[in-house]
1. Between the DSSP loop rule and a limit of at most 12 other Cβ atoms within 10 Å, which GluC sites (Glu not before Pro) in the range 441-503 are left?
2. Based only on Cα atoms, what Rg/Rh ratio does the range 307-424 have, Rh being taken as Kirkwood's radius?
3. Starting from the 7 Å offset along Cα-to-Cβ, what nm value, one decimal, do you get for the label separation of Met102 and Gln215?
4. Return the calculated 222 nm mean residue ellipticity for the chain, to the nearest 500 deg cm²/dmol, obtained by summing -39500 (n - 2.57) across DSSP H runs with n ≥ 4 and dividing by the residue count.
5. With +1 on the Cβ of every Lys and Arg and -1 on the Cβ of every Asp and Glu, and nothing else charged, how large is the dipole of the range 577-711 about its Cα centre, in debye rounded to the nearest 20?
6. What FRET efficiency comes out for Leu622 versus Glu690 if R0 is 41 angstrom and r is the Cβ-Cβ distance? Round to the nearest 0.05.
7. If contacts are Cα pairs under 8 angstrom and at least 6 residues apart, what is the relative contact order of the range 329-425 in percent?
8. Where a ≥ b ≥ c are the square roots of the eigenvalues of the C-alpha gyration tensor, would you call the range 650-738 rounded, which needs a/c under 1.5, or, failing that, prolate if a/b is larger than b/c, or oblate?
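No value in this document is a laboratory result; all are computed from the given coordinates. Quantities reported herein were computed from a predicted structural model and do not represent experimental measurements. Counting neighbours? That spans all protein chains shown, and the Cβs are built from the backbone with ideal geometry, glycine included.
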Amino acid sequence: MEGTSADKAAVKSGALEIDASTSPDNPSRLLLPEYLNLFGDYKIEADVTHLSANEATRWHSIMYRIQNNNYPYYQMAVRQNATAPNGVEFAERTSANAWNVMNKSAFSEPIDAGQMYHYTIQTQGNRVREFINDELLIDTDNGGSYLKGGIGLQANGSKMKVDNLRIALQLKELPPRPEDHFVQVREVDTEIAMAPSIITEFSSKHQLENMDHGQLPATVIMHVDARLRVKTSDRRTSMISLEDALDAIGNRMMPAFYVNDRQTVDALVPYLKSMELEDAFVVSDQADLVARAREGYPMLRGIMDFSKERVGTTGDLMKIRKKTTLAQSKIAILSQAEATIEHVSYLQQRTIVVWVKEDTTKHRNEQYVSLHQMITSGANGIVTTSPSEAFRALKVYSHTRTLIRKPLIIGHRGMPSVAPENTIISNELALDTGADFIENDIFLSKDGYLVIIHDSTVDSSTNGSGRVEEFTLEQLRQLQVNQVPGTYYPEARIATLEEQIDLARKRRAMIYAEIKTDNPAAVDAFVKLVKKKRAEDLINVMSFNTSQLDRLAEQLPDMPLGLLTSGYANENNVNRGLRDALRTVQTYNSTLNISYGGLGEKFMEAAHHRGLLISPWTYNNLSDYKGVFLQGAYGITTDYAYWSKDWVYSVQPEKAEYVLEVGNSMEVSANVESYNRARTAVKPSIVLLEDDGIVSVEGNRITGNKAGRTYALLRYTSVIDEENQYDVYTEPVLLVVKKGRGK
């Protein structure tokens with residue numbers, strides 16, 4: 001019905017080929033027999049491939065529920081680069097003959113011309129499910145506008161091959177949508193923004209049945225063997241079948257399957273796939289096992305267990321980052337002893353989510369204080385034998401909105417609100433006002449240098465004209481960059497990534513590097529430079545271009561990736577948006593670097609419990625900037641890093657221990673740190689962890705009432721403006737009261 005050359009849509013060697021590579025046959029559409037218009041609930045199966053594509057973004061599709069033997073209709077579209085965030089689509093060709101892409105997903109690999117892929121579409125009422133090779137990619141209820149219609153094939157800039165096309169009625173009721181099985185994690189009674197997720201280990205069916213349903217942990221760790229039995233953590237005793245354990249938790253908590261050998265992985269993965277259980281984790285202290293499980297079932301979220309390892313240096317922390325990434329994981333479990341504020345923040349800044357495992361050798365009366373130590377470390381999750389005590393501890397932080405982690409400020413192209421974008425002076429000014437990262441845009445010069453400029457041409461940001469990658473570095477340096485009105489920085493020139501690395505190292509900052517170009521040679525140059533400068537610890541990397549992310553993963557497999565994208569966030573249907581986001585980022589084991597439209601607290605909290613780091617962009621409205629800051633976002637990208645230069649991000653006690661005698665009083669003091677690196681002495685509020693009568697408190701003054709030891713948190717309330725304030729807390733401080741002389 002579309003396409004004019006008969007020989008461009010013909011059976012060859014027993015399979016149908018539709019060649020829409022060139023005009024007038026691009027695009028080409030072919031309709032199947034008209035009697036199919038009478039039906040709407042059907043199952044369509046076919047073996048399909050791209051024999052060729054004009055470019056990786058070109059696609060072919062199976063059309064269904066076609067109206068008027070033309071349009072509107074729905075289609076399952078598959079791009080040659082099916083790994084792109086929109087590699088597979090559920091799309092509508094509307095009555096206005098325009099596209100409305102309603103759902104998108106990523107397949108695990110690009111479509112290889114030498115391989116046939118089994119496509120499946122199931123429709124029933126408003127439900128539509130789309131599969132490749134039996135992997136469910138899209139499951140939506142957006143198919144209600146057209147309930148019956150024809151079926152056809154379409155190629156757009158592609159040479160499409162189709163074989164074994166089969167159509168049957170979809171009589172069997174479709175299963176619930178996968179997101180319907182996602183756990184609704186109960187948020188605890190606390191003012192902490194993105195409070196630590198609470199995790200416990202499975203010890204018995206009785207344990208789960210008797211948990212307070214109002215205070216359930218988010219995740220339950222189950223030690224599993226190759227017979228799919230749940231065992232004790234020492235793996236000596238078999239407790240219950242995995243099937244019974246999963247029945248016991250239902251949709252109340254997320255399971256995390258701890259594996260110790262390849263046989264267990266190979267038994268577990270097909271079992272979980274058969275159940276379509278997606279909202280789950282796989283855990284091990286062996287990176288190859290986590291990677292094997294993730295490869296077999298990409299929706300499983302990976303966790304590396306380092307709780308038995310010592311961490312002495314930043315080199316040890318970088319090994320954790322690398323090993324976690326090689327395991328196709330984002331979460332690392334540290335022991336309580338190693339989860340210092342410094343260690344936790346170091347890993348988090350380098351896009352590793354940190355869970356802390358409590359020290360179970362501590363006396364029970366020390367456990368409560370230990371929980372506060374883990375909370376104030378800034379950990380993303382706490383693995384504890386006593387979830388109820390963890391919830392009790394979290395309730396202490398109830399004065400006003402509380403931040404336990406520093407929201408990282410990402411200077412978008414430096415600080416282009418005051419100086420020319422992507423220049424060294426702009427980067428320096430952003431760092432001066434407290435940015436933690438320099439964000440950039442990377443292209444490759446004609447002579448092989450990685451240069452920092454936003455567009456593929458120099459036209460919009462300099463006095464020159466032409467494609468960036470057709471200039472040598474020397475030629476680019478001769479261009480005058482556009483100045484910000486009201487300012488003048490004559491020294492400003494197009495920068496190189498190497499210069500930014502030197503600046504970041506000098507200023508103890510980091511770079512958020514965006515591979516903007518689609519030139520494969522840029523990835524080669526990036527990897528070579530990072531290794532030459534030994535700059536792995538200074539850089540996080542991201543891209544919109546998934547082909548570039550794939551190349552980076554091949555050449556630098558131990559560096560975490562960030563996927564720049566938009567959409568997904570949905571406050572009205574959190575689980576659907578969350579599943580769509582996870583389906584995409586799990587393919588690349590990446591963070592979600594997302595445009596902030598539609599992003600809200602419910603989505604961020606749900607993602608947080610699943611170890612998904614969200615770094616939204618670009619906040620150039622002060623009200624929105626304040627809002628996401630108070631929501632505790634991982635990273636905040638902005639042109640205006642100076643907005644938060646005076647905001648406090650941490651408070652430290654003057655002393656870790658205060659000693660006084662019964663009847664005596666003393667003042668407690670602390671220091672706060674602001675983004676501009678100012679350190680200021682303050683008088684904090686004192687929050688006692690236990691009402692044991694050992695001391696009494698008034699303001700920042702304590703009075704000894706009776707001999708003993710007790711603990712307190714020091715709290716500082718930071719004021720942004722009349723409507724926005726927040727608390728920061730110290731780690732627990734020891735208060736010791738001694739008997740006076742002669743008493």
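1. Working: sites: Glu469, Glu470, Glu474, Glu491, Glu498, Glu499; in loops: Glu491.
Answer by residue number: Glu491.
2. 1.08
3. According to this spin-label approximation, the distance is 4.4 nm.
4. Values: 16 runs with 162 residues, N = 743.
Helix contribution divided over all residues of the chain: -6500 deg cm²/dmol.
5. Values: 13 positive and 15 negative charges, 77 e Å.
For the range 577-711, the charge dipole is close to 360 debye.
6. On the way: r = 41 Å, r/R0 = 1.00.
Approximately 0.50, to the nearest 0.05.
7. Working: 97 pairs, mean separation 22.6, N = 97.
Answer for the range 329-425 is 23 percent.
8. prolate
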